[in-house]
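Scroll down for the structure; my scribbles are underneath it.
The values are calculated or read from the model by the stated rules, or taken from the named source; none is laboratory data. Everything quoted here is computed from the prediction, not taken from an experiment. Heads up, the Cβs are rebuilt from the backbone with ideal geometry, glycines too, and the neighbour counts pull from every protein chain shown.
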Amino acid sequence: MNEIIRKIEAEQCKETVPVFRVGDTVRVSAKVKEGNRERIQVFEGTVLKIQGGSNRKTFTVRKSSNGIGVEKTWPLHSPNVEKVEVVRHGKVRRAKLTYLRSRIGKKAKVKELVK
């Protein structure tokens with residue numbers, strides 16, 4: 001049973017998956033349907049968490065828009081996610097950055113990782 005499920009999930013996964021981690025600033029290009037039209041909307045923010053595995057893997061991105069925090073969660077292998085670009089890499093020591101929700105302004109920034 002387990003082998004069958006793994007094969008089905010492997011078929012649904014994308015071939016090329018972008019490499020990013022928690023704390024990175026990413027630009028997500030997502031398809032949005034408005035009536036009978038379809039367009040691409042860009043959402044740029046910090047990755048708060050990545051969870052799940054195989055084709056069920058999701059990631060949450062948070063940005064501040066007009067002083068209000070906005071979070072969106074996308075499935076990584078969804079056909080509605082056109083592409084994910086890494087703008088900059090963040091230096092963090094945690095797997096989930098939920099503490100950023102209570103911070104505003106410069107306090108909500110993540111330091112940049114210098115290699």
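Write out, first by first residue and then by second, each pair whose Cβ atoms fall under 8 Å of each other, whose residues are 6+ apart or on separate chains, and whose first residue, in the stretch 1-27, is farther than 15 Å from Thr60 by Cα while the second is of a type outside the set (S, T, N, Q).
Here the result reads Glu9/Arg56; Gln12/His77; Cys13/His77; Lys14/Leu76; Lys14/His77; Val17/Leu76; Val17/His77, each pair linking the stretch 1-27 to a residue that is of a type outside the set (S, T, N, Q).
Mind checking which pairs have a first residue in the stretch 74-101 that is in contact (Cβ under 8 Å) with a residue 60 or more places away in the chain and closer than 15 Å to Thr46 by Cα and a second that is hydroxyl-bearing (Ser, Thr, Tyr) and surrounded by 12 or more Cβ atoms within 10 Å (Cβ to Cβ), Cβ under 6 Å, 6 or more apart or different chains?
Val87/Thr25; Arg88/Thr25
Table: residues versus (1) in a loop (DSSP other than H, G, I, E, B); (2) modelled with pLDDT of 95 or more; (3) touching a strand residue (DSSP E or B) at 6+ places or on another chain (Cβ under 7 Å); (4) exposed (fewer than 14 other Cβ atoms within 10 Å of the Cβ).
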residue	(1), (2), (3), (4)
Ile8	no, no, no, yes
Arg27	no, yes, yes, no
Ile50	no, yes, yes, no
Gly69	no, no, yes, no
Arg101	no, no, yes, yes
Val110	yes, no, yes, no
